[in-house]
Amino acid sequence: MLLKRMIRWFLAVLAVTVAVAATAAWIYRDQLSYWWSAPGMNYVDMPAVPGPTYLFPVAWAARPDLESRALLVPDGVEGGAAGPDAPVDVFYIHPDAYWGPNWNGNYDDPDSARLVDGPMLAMDLTAFNGCCRVFAPRYRQAHGIALDYPSGNGREAIDLATVDIERAFRHFNVTERQGRPYIIVGHGQGAVIAMRILDRRVDDEDPLFDGFVAAYVIGAGIPTDRFGTNWEQVKVCETATEFQCVVSWEAYTVDANPAASPNVQEIWYDRHWTQLRDVETLCINPVTWTRDGAASAGADPISLATDPGFTPSRGIAGTPRVNPDDFDALPPLTHAFSSVECRDGKLRVTLTDNSPVRGFGPGNGNLDQHAISLFWASIRENAALRTAAFLANAD
C-alpha cells in the first residue's frame, strides 16, 4: 500500500511539474525561442567580420557583367532580360539569408550565398530584369533573429549591415549608375535597410532624388505617417504609373494572424526604434497598385510559383541549405492565388485550391517567401510602366 501511495504521489507531482513547465514555456516562448536561436555572445564580443569591397565583382551577387540567376526569365514570357543598354537600373537588397553563430555573417558566407544566388535572385530579382539592369550587393547581414526578436545586439547588427549597403549604394551611384534613373527593391531585412537608404540618401539629396523612379519595399511595414514628415519628398505610389514614390506590402493568407507571425517587429524611424505593431502601416495592392479594393488574378498567369527549397527555421537549425542549381531554369507562370486585398495594413491573399504556394510561421499563414513571386508578372509590368512614365516626364 505504501509503495502504491508513493507511486501515485510521484505521478501527481510529475504531472503538476509538466503542466507548470508547459505553462511557463508558453508564457515565455518568445524569450526561450530567442535564447535558443540567438548567437551565444554579445555583439561587442563578436569576432571581427571583414567587409566587402564593392569595386570587385566578388562583392556582388548580381550586376550586368556577371552571369547570375537574376537574368532568368520564366518559360513563355516574352522579351527576356534587358541588356546593358536598358535605360534604368535596379538596386536590390536581399532578405535574411544568415542564421549562423555570429550577429553578422561574412559577406561571402557560403551557406548564405546559396540562398541568395539561388531562390532569392530567381524568385525576386528576375521580376525586375525586363525593364532594367540589375544590381544586388552582398553584405554582412544581420542574423535573422535580429528582425524576429528586437534586442540591443540585433540593432547593432542591423546597423552594421546598413553600413555595407550604404557603401554599396554609394559605389552604385558613382561608378555603375552614373546618372541613370534607378529603382530600389528591398525585401525583408533588405526592406528595413532600404527605408534607411531612403531616409539618409534619397529624400535628403536632390541629385539622388532627381533620378529616383520608385522603391518596392516588401515584407516590412512602413508607418504611413512617415510621408510628409520624415520623408519630405518621397511619397506613396497611389497609382500604377506614379514615380518618385514607394510601394509596400506584407503578404498573409486571408485566415492568418499577422500578429502571431510578424516579418519585422521594429524599424529605425525618426531617430528611434519604432515598434511596428503600434503604428499604421502602408499596404499597396500589387495587382491594382492602389491602397484599396480587392483584385483577382485575372485571365493571364501571374505567379512564379517556385518552391524556395527551404523551410525558415528562425535560426534554430542554422542557415538553411539549398541547392542553387535547382533554380537554373524558371517554370512557366501560373495562377497561385484567386484574390488579393489590403486590409488593416496587410495584404491578404486567397490561394487557389491547387496553389503550390505555402506559408510559414504559426498557422502557416505568412507568405513573405512568396511576397514578390506571387505577383511576379504584375510587378514586372508595373516596373516597366513606372520606368516609362519617369522617362517620358524627363524628356
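Semi-axis lengths, largest first, of the ellipsoid equivalent to the chain are 38, 24, 21 Å, with √(5λ) applied to each eigenvalue of the Cα gyration tensor. DSSP beta bridges confined to segment 55-394 are antiparallel in about 40 percent of cases. Each peptide in 320-326, 257-263 was scored by the mean count of other Cβ atoms within 10 Å over its residues; highest first, the order is 257-263, 320-326.
Taken as entire DSSP H runs, the helices of the chain that both span 18 Å or more between Cα atoms along their own long axis and average 1.6 or more on the Kyte-Doolittle scale are 2-27. Kirkwood radius for segment 352-395, taken over all pairs of different Cα atoms as the inverse mean of 1/r, rounds to 12.7 Å. Rg/Rh for segment 65-157 stands at 1.06; both radii use Cα atoms, and Rh follows the Kirkwood definition.
Think of segment 55-394 as a dipole: +1 on every Lys or Arg Cβ, -1 on every Asp or Glu Cβ, centred on the Cα centre; then among Pro320, Val340, Thr224, Pro320 lies furthest on the positive end. This ranking places Trp268, Trp289 by how few other beta-carbon atoms lie within 10 Å of each, fewest first, which gives Trp268, Trp289.
Placing unit charges on the Cβ atoms only, positive for Lys and Arg and negative for Asp and Glu, gives segment 55-394 a dipole magnitude near 260 debye about its Cα centre. If a/c stays under 1.5 just call it rounded; otherwise compare a/b with b/c (prolate if a/b is bigger, oblate if not). Do that for segment 242-395, with a ≥ b ≥ c from the square roots of the Cα gyration tensor eigenvalues. Rounded. Distance from the alpha carbon centroid of segment 128-164 to that of segment 168-195 works out to 12 angstrom.
Sparse packing (at most 13 other Cβ atoms within 10 Å of the Cβ) combined with a DSSP loop state is found for the following GluC sites (Glu not before Pro) in segment 181-287: Glu205, Glu232, Glu238, Glu280. Does segment 138-253 come out rounded, prolate or oblate by the C-alpha gyration tensor, with a ≥ b ≥ c the root eigenvalues, rounded set by a/c under 1.5 and, if not, prolate when a/b is larger than b/c and oblate if not? Oblate shape, in that a/c is at least 1.5 and b/c is the bigger or equal ratio.
Okay, helix-only estimate at 222 nm for the chain: each DSSP H run of n ≥ 4 adds -39500 (n - 2.57), divide by all residues, round to 500 deg cm²/dmol; what do you get? Mean residue ellipticity, 222 nm, calculated: -7500 deg cm²/dmol. The distance linking segment 203-237 with segment 48-80 is 25 Å (Cα centroid to Cα centroid, whole angstrom).
Coordinate-derived values only; no laboratory data. All of these numbers come straight from a predicted model, not from anything done at the bench. Because the Cβ atoms are built from the backbone with ideal geometry, glycine has one as well, and the counts that use them run over all protein chains shown.
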